[in-house]
Amino acid sequence: MAVNHIQQTNTHKGTEEKDILSQIRRHRIIQICTVTAIGLCIALLVARGITTFIFAVGLVGLLVSLGFAYRYKVQLSAVILLGSLSTMSFALALTGAGLFDLAIIGYPGILIFAALLGGVVLFVSVIGFVIAQCTLIGWLTLQGYVTPNTPSLSWEHLIFILIIFLIISFGVYILVRDIKRLMFSLHSENQKVQKSRAQIQHLAHHDTLTNLPNRLFGEALFLQSLKTCEQNHEKLALLFIDLDNFKPINDALGHAAGDQLLEQLTQRLNGVLRNDQYLIRFGGDEFLVLSPYQDSTEQLNTMADDLIKQCASSFEILQTQVVVSASIGIACVPHDGKDFKQLCRKADIAMYQAKKDGKNTYHYYDKNLDKASEDKFKLLQLLRPAINQKQFKLYYQPMISLADEKITTVEALLRWPQPDGGFITPDQFIPLAESTGLISELGRWVIQQACLFCARHRSLGHSRLRVAVNLSVMQFKDGQLQHIVEKALHEAQIPADALELELTESLLIDETEQIQKQLNSLSDLGVTIAIDDFGTGYSNLGYLRNFNASKLKIDRSFIIGLGTAVDDEPLVEAIINMAKSLGLETVAEGIENKATLHKLLSMGCSVGQGYYWSKPVPEEELGALLNKSNSSI
């Protein structure tokens with residue numbers, strides 16, 4: 001369809017060009033007929049004998065041609081005009097002095113008219129016709145069929161010559177004027193082409209929104225700046241700027257608002273840069289700054305602070321005050337290399353480290369960052385097949401009732417064993433699984449295996465055993481969590497209250513409405529909800545009520561210091577009392593000695609977990625712990 005459209009467009013343009021050319025030719029025919037007819041009328045006034053008849057017939061031919069021209073029969077009109085003129089010249093020469101007759105000098109004018117009024121075919125045809133006429137006149141004369149009649153010079157002949165010259169001059173004038181117009185038109189078109197080419201070149205090298213150099217042109221500016229710095233014995237820095245929290249602006253106010261912010265930010269950033277510093281739109285909400293500097297990085301630190309300050313200033317967008325911040329990564333030439341793409345990559349890595357450092361700051365690239373990025377990439381290549389091949393294993397750590405030291409619940413903890421006998425820690429692979437979306441599949445497997453584990457040990461006599469599983473916020477994204485839990489419970493044939501789902505405080509803050517809806521459904525199903533690592537996040541009591549939590553796990557960082565840190569004791573006691581007032585059971589994580597256990601008992605804590613009883617162990621070792629607890633759960 002696209003090809004047909006292009007063909008139709010080209011055909012339409014070709015038709016328009018033909019129509020314009022036809023109009024020009026029609027106009028020229030009318031001009032030539034009019035001027036030549038006036039000349040013939042003047043010639044008729046002084047003509048004698050057969051010459052008068054020839055001029056009269058020629059005039060009739062011109063009038064016929066003029067009539068067809070007015071009726072838009074351009075091609076036929078041109079043929080009649082040229083035929084009439086050439087035939088009239090032939091007749092005049094034949095009845096006059098032959099090839100020496102004054103009428104012969106009219107042939108060049110006829111050829112000029114042919115060039116003006118027709119294409120190649122018409123022009124060649126007229127040349128052939130003229131040559132044939134001249135040849136016929138010569139042959140008739142040489143054979144004696146025609147006797148040239150050389151008249152004596154008279155005023156009539158002078159008038160005829162002047163008329164022929166004027167008509168030819170008019171044709172030459174029209175031809176030259178058309179050529180000049182064509183040259184002027186070509187010059188104008190060439191200027192338009194040059195201007196369009198410059199605009200295309202500018203668009204190819206600049207961002208359409210901010211009019212800043214784009215990534216392609218940025219590389220050329222980098223090479224230019226690098227050459228200048230080497231000549232001036234300076235160093236060159238590449239700063240990678242990424243806006244923090246830019247997406248919420250697009251989501252809340254629309255992309256038009258985001259575009260306005262980027263335009264305003266561009267003006268502000270350009271306002272603090274020198275002439276030898278370049279601001280480049282790298283893409284999205286990312287910018288580059290190329291800046292020469294001396295040996296010390298103090299100048300770069302000051303500039304990075306200024307750039308961050310400009311980004312963190314308030315923007316008025318659609319009558320709304322908007323505030324963002326920026327994280328900046330810095331790579332330097334020659335310390336970090338001289339290749340533009342590699343420097344961008346390294347500055348990008350440093351920028352992400354600045355985000356990890358809390359955002360709204362800057363960070364210089366170093367090799368350790370590159371190694372971390374490389375390790376992350378290698379780990380990702382191992383993670384995907386590990387999930388597919390079920391290389392993971394669940395370890396279990398018991399939760400103990402402090403009143404009778406019996407196991408009430410076991411927490412399922414994910415481990416990734418390696419061929420050398422070691423482990424890749426959850427702190428390494430869980431964040432990677434979350435950032436790549438693999439956590440959903442991995443989390444589904446954990447829930448399924450934990451439920452099957454619980455079913456096996458319930459069948460061995462521990463009928464009240466419960467299992468706890470940690471959840472990631474990413475497992476709530478697709479809205480399938482309830483379905484996954486129901487399926488796992490059904491396959492394991494265990495009741496819903498045998499499963500406990502542990503959530504961190506930070507998870508409760510993220511997308512509250514969506515998560516709360518799913519947690520309510522799980523609570524209605526009978527699954528227990530526990531808040532893990534309480535005290536390390538927002539510690540918002542409102543979230544505890546809203547999300548139907550029934551258990552509160554105090555983070556181990558508060559428990560470990562109970563015997564030594566004076567400030568931790570009142571804080572832990574306050575958390576326990578608060579949990580009791582809300583009807584929540586408290587679990588103390590990280591109990592490692594008897595003194596801590598007694599302290600928690602005195603505070604009223606009900607459940608404990610830690611190395612004092614057991615570290616996380618594989619399923620085959622857990623049976624002994626369950627039997628040792630002498631529990632009939």
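The values are calculated or read from the model by the stated rules, or taken from the named source; none is laboratory data. This is a predicted model, so every value here is computed, not measured. Please note: Cβ atoms are built from the backbone with ideal geometry, for glycine as well, and neighbour counts cover all protein chains shown. Surface accessibility is based on the protein's heavy atoms, side chains included, excluding ligands, DNA and RNA. Shrake-Rupley method; radii C 1.70, N 1.55, O 1.52, S 1.80 Å.
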Query raised in the report: Which of (1) crowded, with 18+ Cβ neighbours inside 10 Å; (2) over 18 Å from Lys341 (Cα atoms); (3) more than 21 Å from the chain's Cα centre (by Cα); (4) of a type outside the set (A, V, I, L, M) does Gln260 not meet, given it meets every other one?
Result: (3)
Query raised in the report: Taking Thr87, is it assigned to a helix (DSSP H, G or I), within 22 Å of Val35 (Cα to Cα) and polar (S, T, N, Q)?
Result: yes
Query - Any hit, region 228-241, residues being out of contact with any strand residue (DSSP E or B) (no Cβ under 7 Å at 6 or more places or on another chain), open to solvent by 10 Å² or more (accessible area, probe 1.4 Å), at pLDDT below 90 and not in a loop (DSSP other than H, G, I, E, B) - result: no
**Report entry** Residue identified as at pLDDT 85 or above and either at positive phi or assigned to a helix (DSSP H, G or I) (or both) among Leu162, Leu59, Leu63
**Finding:** Leu63
Requested in this report: Please work out which one of (1) at pLDDT below 80; (2) under 26 Å from Tyr278 (Cβ atoms) is the condition Ile168 fails and give its number.
Outcome: (2)
Report task. State whether the residues of region 556-579 include one that is modelled with pLDDT of 85 or more, in a loop (DSSP other than H, G, I, E, B) and surrounded by 13 or more Cβ atoms within 10 Å (Cβ to Cβ). Result -> no
Query raised in the report: Which members of region 449-490 meet the condition of being closer than 17 Å to Trp416 by Cα and in a helix (DSSP H, G or I)?
Result: Gln449, Ala450
Query - Filter result for Leu379 (modelled with pLDDT under 90, surrounded by 15 or more Cβ atoms within 10 Å (Cβ to Cβ) and in contact with a strand residue (DSSP E or B) (Cβ under 9 Å, 6 or more places away or on another chain)) - result: yes
Report task. Would you check if there is a residue in region 210-223 being more than 16 Å from Tyr293 (Cα to Cα), open to solvent by less than 30 Å² (accessible area, probe 1.4 Å), assigned to a loop (DSSP other than H, G, I, E, B) and of a type in the set (Gly, Ala, Ser)? Result -> no
Report task. Take region 492-522 and flag every residue that is modelled with pLDDT of 90 or more and either in contact with a Ser or Thr (Cβ under 9 Å, 6 or more places away or on another chain) or among the aliphatic types (A, V, I, L, M) (or both). Result -> Ala492, Ile494, Ala496, Asp497, Ala498, Leu499, Glu500, Leu501
Query raised in the report: What are the pairs, 6+ residues apart or on separate chains, where a residue within region 302-322 that is farther than 19 Å from Glu286 by Cα has its Cβ under 8 Å from a residue that is β-branched (Val, Ile, Thr) and assigned to a loop (DSSP other than H, G, I, E, B)?
Result: none
Report summary line: Restricted to region 580-603 and to residues being under 24 Å from Ser523 (Cα atoms), part of a loop (DSSP other than H, G, I, E, B) and of a type in the set (A, V, I, L, M), the residue modelled with the lowest pLDDT is Leu582
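Confirm whether Glu434 is surrounded by fewer than 21 Cβ atoms within 10 Å (Cβ to Cβ), modelled with pLDDT under 90 and more than 32 Å from the chain's Cα centre (by Cα).
no
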Report summary line: Residue hits (region 52-74; touching a residue at least 40 places away in the same chain (Cβ under 8 Å) and crowded, with 20+ Cβ neighbours inside 10 Å) are Ile54, Ala69, Val74
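Hey, among Leu380, Leu413, Leu343, which residue is over 30 Å from Ser296 (Cα atoms), of a type in the set (A, V, I, L, M, F, W, C) and in a helix (DSSP H, G or I)?
Leu380
Being at negative phi and touching a Pro at 6+ places or on another chain (Cβ under 9 Å) narrows it down to one residue among Gln391, Gln381, Gln353; which is it?
Details: Gln381 fails: touching a Pro at 6+ places or on another chain (Cβ under 9 Å); Gln353 fails: touching a Pro at 6+ places or on another chain (Cβ under 9 Å).
Going through Gln391, Gln381, Gln353 in turn, the sole match is Gln391.
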Query - Where Ala386 falls short, out of the listed (1) part of a helix (DSSP H, G or I); (2) touching a strand residue (DSSP E or B) at 6+ places or on another chain (Cβ under 7 Å); (3) under 30 Å from Thr302 (Cα atoms) - result: (3)
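So how many residues does region 106-121 have that are part of a helix (DSSP H, G or I) and touching a helix residue (DSSP H, G or I) at 6+ places or on another chain (Cβ under 6 Å)? Break it down stepwise before answering.
Residues of region 106-121 part of a helix (DSSP H, G or I): 106-117, 120-121.
Keeping just the survivors that are touching a helix residue (DSSP H, G or I) at 6+ places or on another chain (Cβ under 6 Å) gives 106-107, 109-110, 112-117.
Qualifying residue count for the region: 10.
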Query raised in the report: Has region 394-403 got at least one residue that is over 20 Å from Lys553 (Cα atoms), touching a helix residue (DSSP H, G or I) at 6+ places or on another chain (Cβ under 7 Å) and in a helix (DSSP H, G or I)?
Result: no
Query - Selection count where residues are open to solvent by 80 Å² or more (accessible area, probe 1.4 Å) and without any contact (Cβ under 8 Å) to a residue 60 or more places away in the chain, scope region 382-413 - result: 6
Report summary line: Scanning region 121-148 residue by residue, those farther than 17 Å from Ile80 by Cα and either open to solvent by 90 Å² or more (accessible area, probe 1.4 Å) or among the hydroxyl-bearing types (Ser, Thr, Tyr) (or both) turn out to be Ile131, Thr135, Trp139, Thr141, Leu142, Gln143, Tyr145, Thr147
Requested in this report: State yes or no: is Ser125 hydroxyl-bearing (Ser, Thr, Tyr), within 26 Å of Ile38 (Cα to Cα) and modelled with pLDDT of 75 or more?
Outcome: no
Query raised in the report: Tell me, which residue of region 454-475 that is surrounded by 21 or more Cβ atoms within 10 Å (Cβ to Cβ) and among the hydrophobic types (A, V, I, L, M, F, W, C) is farthest from Leu622 (Cα to Cα)?
Result: Leu471
